[in-house]
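Presented below is the structure to which this report refers.
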Amino acid sequence: MTARVVVGDFEITLVRAGFYWWDGGAMFGVVPKTLWSRRFEADEANRVRLGFNCYVIRTGEHTILVETGAGDKPDAKARERMKLAAALALPEIVAGQGIDPESIDIVINTHLHFDHCGGNTVLTSGRARPAFPRARYYTRRGEWEHAHERHVRDRISYIDANYDPLVESRQMQLLDADFEIAPGIEMKLAPGHNRDMTVVTATSSGQTFCFFSDLVPTAAHVTPSWIAAFDLFPLQAIDTKSRWLEKAAEGGWICGFAHEPEMAFARIVKTEESFLASACPADRQTGVPVLP
């Protein structure tokens, strides 16, 4: 079922590049299982079901893909660990949502962890080639540099074939600051999960869509203190998240989450002590969220 919203003059579609299972303790850090298990049911190995969520923003002039999922690089051991079934290539998944993959002219990676940029390229005869040949790819330079530091803390999250061929061919542009990718579409630094992660905002006719990436990976993570164990800078993550959730609540933004397995689009509601994610209601016939 297609999940799509209209934000001003933009049309935004959720493209879910599959599901995977990840350790619940890793996803929720110090939050006790007695709390997070009310939102996510764990399997026998304490894993919870998550999505690889990508979004396509059509502006009329550009077709922009935000994130590309895990792609085809994880090895057999990793796929078994995540219960990751064989899936269609991302261009085929995009086409299944009624979007011509050949029309994608911009790809945004909020950061370069394999589960956000793995579909940038496809392996053909052992060589990584761009999955979207017409597209210009964008990410932060600092994130690309960190990927090559091979720090023991997070080196497993990076697979060079997802981005280095694009940098070498100059198809990927490395950004040094916040950047307007196209009119109304911006990448903005939001550190905490790691140093150089960005969020993406799409603003048109006074309305805004915000993709939180791993700053708020699921709807359950809108509680500022609910952060993943693998966030490199946890206190900064809490502060950054609080600021962005405040903006989203005040502005009535429509928001998307990187790994939420159910809720496609949500509004953020501020409460006395925290925040809530309220799913956008859907048209009963089409399943497409309806925005008041």
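Remarks
- Residue tally, condition among the charged types (D, E, K, R) and either surrounded by 15 or more Cβ atoms within 10 Å (Cβ to Cβ) or closer than 17 Å to Val7 by Cβ (or both), over the stretch 242-273: 4
- Any hit, the stretch 116-135, residues being in contact with a Gly (Cβ under 7 Å, 6 or more places away or on another chain) and modelled with pLDDT under 95: no
- Test: residue in the stretch 195-206 that is at pLDDT 95 or above, in a loop (DSSP other than H, G, I, E, B) and either of a type in the set (A, V, I, L, M) or surrounded by 23 or more Cβ atoms within 10 Å (Cβ to Cβ) (or both): yes
Condition check ((1) part of a strand (DSSP E or B); (2) without any contact (Cβ under 8 Å) to a residue 40 or more places away in the chain; (3) under 19 Å from Phe209 (Cα atoms); (4) over 15 Å from the mean Cα position of the chain (by Cα)) across all residues:
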residue: Pro224; (1), (2), (3), (4): no, no, no, yes
residue: Phe230; (1), (2), (3), (4): no, no, no, yes
residue: Ala237; (1), (2), (3), (4): no, no, no, yes
residue: Ser242; (1), (2), (3), (4): no, yes, yes, yes
residue: Leu245; (1), (2), (3), (4): no, yes, yes, yes
residue: Glu250; (1), (2), (3), (4): no, yes, yes, yes
residue: His259; (1), (2), (3), (4): no, no, yes, no
residue: Val269; (1), (2), (3), (4): yes, yes, yes, yes
residue: Glu272; (1), (2), (3), (4): no, yes, no, yes
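- Condition met for Thr198 (farther than 16 Å from Tyr137 by Cα and of a type in the set (Val, Ile, Thr)): no
- Taken together, Leu276, Leu215, Leu232 contain a single residue that is surrounded by fewer than 18 Cβ atoms within 10 Å (Cβ to Cβ) and either modelled with pLDDT under 95 or in contact with a His (Cβ under 8 Å, 6 or more places away or on another chain) (or both), which is Leu232.
- Residue tally, condition farther than 27 Å from Lys73 by Cα, within 18 Å of the chain's Cα centre (by Cα) and assigned to a loop (DSSP other than H, G, I, E, B), over the stretch 162-189: 1
- For the stretch 124-159, filtered to residues that are in contact with a helix residue (DSSP H, G or I) (Cβ under 7 Å, 6 or more places away or on another chain) and under 18 Å from Ala78 (Cα atoms), the residue that is surrounded by the fewest Cβ atoms within 10 Å (Cβ to Cβ) is Ser157.
- One residue stands out among those in the stretch 37-55 that are crowded, with 21+ Cβ neighbours inside 10 Å and hydrophobic (A, V, I, L, M, F, W, C): the one that is farthest from Ala264 (Cα to Cα), which is Val48.
- Contact map, the stretch 158-173: residues that are within 12 Å of Arg129 (Cα to Cα) paired with residues that are surrounded by fewer than 21 Cβ atoms within 10 Å (Cβ to Cβ) and among the charged types (D, E, K, R), Cβ distance under 7 Å, separation 6+ or inter-chain. Pairs shown: Ala161/Lys73; Asn162/Lys73; Gln171/Arg136.
- The set of residues from the stretch 220-270 being under 23 Å from Ala147 (Cβ atoms) and small (Gly, Ala, Ser) comprises Ala228, Ala229, Ala237, Ala258.
- Leu112 vs. criteria of a type outside the set (Asp, Glu), loosely packed, with under 14 Cβ neighbours inside 10 Å and touching an Asp or Glu at 6+ places or on another chain (Cβ under 8 Å): no
The values are calculated or read from the model by the stated rules, or taken from the named source; none is laboratory data. As the structure is a computational prediction, the values presented were derived from the model and not from experiment. Reconstructed Cβ throughout: ideal geometry from the backbone, glycine too, with neighbour counts over all protein chains shown.
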